[in-house]
Amino acid sequence: MSNTKREHFSSRLGFILISAGCAIGLGNVYRFPITTGAFGGATFVFIYIAFLLLLGLPVMTMELAVGRASQRSIATSFDVLEKPNSKWHLTKFIGIGGNFILMMFYTVISGWMLMYFIKYLNGSMLNLQGVESLGNEFLSMVSNPVSNIIATYSTIAICFLICSLGLKNGVERITKGMMLALLTLLIGLAIYACTLPKALDGIKFYLVPSLDGIRKYGFLNVMTAAMGQSFFTLSVGIGAIAIFGSYIDKKKRLLGEAITIVSLDTFVAIMAGLIIFPACFTFNGGQTADATSVGASFLFTTLSSIFNSMPGGRIIGTLFFLFMIFAAFSTVIAVFETIISSWLELTNMKRRTISIINAVLLCVLVLPTIFGNSIWSNFTIFGKSIMDLEDFIVSNLLLPFGSFVYVLFCTSRYGWGWNNYLNEVNTGEGLSVPKWLRFYCSYILPLIILVVLIISII
Ligand code: ALA
């Protein structure tokens, strides 16, 4: 195990924005509106928020606590904290694997943002009007392997380059600026979208619950989709949050920090919905994605409809996709940081060498995803495309399973144990985790995760 001195964030704002940056990303602005549209709107949103509070928030405090107490990434944090002769550390491979599989499709979608950014920057998108031609434009972009390879490789190269500069100089400095810019633009666009002619219909679909979605898709499907979304959006369970716990000091209690991160993440998702649904009802006649074919083109088509019909649409469209790139890159950078940090702890290699090796590795690993949308598009596994399968494996299997492990580790006496967890999470100033939560965290929380995990598998 390498003993290089661990860097720490230079400020608390840096920690909050970077951890939020890890959580905030395509999951909020891309996956959340698509899944909400697909599963019937407001009811899904409320179940999703319930899962965030009941599952996501406590698991996030546990990841942060394990990271901060061990001062390690997922590669060695269990080794440091577990009791002698126990085997918790073996789960690191699932966590590290989860980070890779996430990046195998996430960097490809980030590449789409890059391509749309260029299309708005050079104005070529603006000639297209109507849902059909905008949809076709999206499909032809997705099915072109060469442009996807260039865009995905550019994403991988830029993000590993930023990580190779180090925690403070690369990751913290660049992500902080990107996140502040993203938050400002989202608020502006949401205000604009809410003044569109059919905005109210969109807001009603989005925020006034009805049982239609549940009737149509079934309660269990809506539940598993909401759980998958809540784990995906927070990126809990694979050590991508724990890593930032390992870069902070003990001045603040971790519940308050987790609440801030979850609130920022939820705020961005809600804002994204406030942009998409008013626009969707104004320009697409309320046509939403269908759960059986949760369509990626839904978001791109809807957004392009807004930009192409509003004054200054070229500039706003360019800025929006620029900030989408920021949101996506802040997550990619955070996950790369977890991967790099794991390698730093497991080998004696330098950060720069590790960055190069992993960038090359990922360039190979993304190829099946890219080909699955193009030359291999007829190839499906369990009826899913390669990209959808990777998304399912991460969101519905690895993140919940990893979260389950963190919960057991922090509550069981065979793991790190409740008292150690409570001691760590409540060190510093701020909100503390009350002792009476022990029963919930030890029995009910793992049970809910397990049940939904089993339902997902079935
Ligand atoms: N949490 C990340 C996102 O929502 C994966 O984009």
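Along each of its three principal axes, how wide is the spread of alpha-carbon positions in the chain, in whole angstrom units, largest first?
On the principal axes, the chain reaches 64, 48, 42 Å in Cα extent.
Given points 7 Å out from each Cα along the Cα-Cβ axis, report the residue 139 to residue 121 separation in nanometres with one decimal.
Reported label-point gap for residue 139 and residue 121 is 2.8 nm.
Near the amide H of residue 252, under 5 Å away, which other amide H atoms are found, from residues 5 or more places off or on another chain, if H is placed in the peptide plane?
It is 429, by chain and number.
Stretched out fully, how many nm does the piece from residue 194 to residue 10 gain, at 0.36 nm a residue minus the Cα gap?
62.4 nm
Any lysines with Cα under 29 Å of the residue 350 Cα? List them, leaving off those in the same chain fewer than 8 positions away.
Result set, ordered by chain and number: 5, 87, 92, 168, 176, 250.
For the range 1-137, divide the Cα radius of gyration by the Kirkwood radius and give the resulting Rg/Rh value with two decimals.
The Rg/Rh ratio comes out at 1.07.
What is the angle, in °, between the Cα long axis of helix 313-346 and the longest principal axis of the Cα atoms in the chain? Nearest 10 is fine, range 0 to 90.
So the inclination is approximately 20 degrees.
Could you work out the Kirkwood radius for the range 350-453, taking every pair of different alpha carbons, averaging 1/r and inverting it, reported in Å?
About 17.3 Å for the range 350-453.
Which distance in nm do the two modelled labels at residue 360 and residue 380 give, with both placed 7 Å along the Cα-to-Cβ direction?
3.8 nm
Quick one: putting +1 on the C-beta of Lys and Arg, -1 on the C-beta of Asp and Glu, what dipole do you get for the chain around its Cα centre, in Debye to the nearest 20?
1000 debye
Beta carbons within 10 angstrom, averaged per residue: use that to sort the peptides 355-363, 340-348, 430-438, highest first.
Packing proxy ranking, top to bottom: 340-348, 355-363, 430-438.
Taking 1 over the mean of 1/r across every pair of different Cα atoms in the range 148-229, what Kirkwood radius in Å do you get?
17.1 Å
Please name which of 236, 322, 152 has its Cα lying farthest along the dipole of the chain towards the positive end, using unit charges on Cβ (Lys, Arg +1; Asp, Glu -1) and the Cα centre as origin.
Of 236, 322, 152, it is 236.
Which number do you get for Rg(Cα) / (2.2 N^0.38 Å) in the range 145-285?
1.33
Give me the number: length gained by fully extending residue 132 to residue 46, i.e. 0.36 nm times residue separation minus the C-alpha to C-alpha distance, one decimal in nm.
Here the segment from residue 132 to residue 46 would lengthen by 27.8 nm.
Send over a whole-number figure in Å² for the accessible area per residue of the range 113-272, probe 1.4 Å.
41 Å²
At 1.4 Å probe size, with every protein chain present, just tell me what the per residue accessible area of the range 316-407 comes to in Å².
Averaged over the residues of the range 316-407, the accessible area is 37 Å².
Go ahead and run the numbers for FRET between residue 420 and residue 215, Cβ-Cβ distance against an R0 of 56 Å, rounding to 0.05.
Taking R0 as 56 Å, the efficiency between residue 420 and residue 215 is 0.75.
Carbon-plus-sulfur fraction of the accessible area of the chain, 1.4 Å probe, in percent?
It is 67 percent, rounded to a whole number.
The values are calculated or read from the model by the stated rules, or taken from the named source; none is laboratory data. Source: prediction; values computed, not measured. In this analysis, Cβ positions are derived from the backbone assuming ideal geometry, glycine residues included, and neighbour counts consider all displayed protein chains. The accessibility values were calculated without ligands, DNA or RNA, using every heavy atom of the protein model including side chains. Shrake-Rupley method; radii C 1.70, N 1.55, O 1.52, S 1.80 Å.
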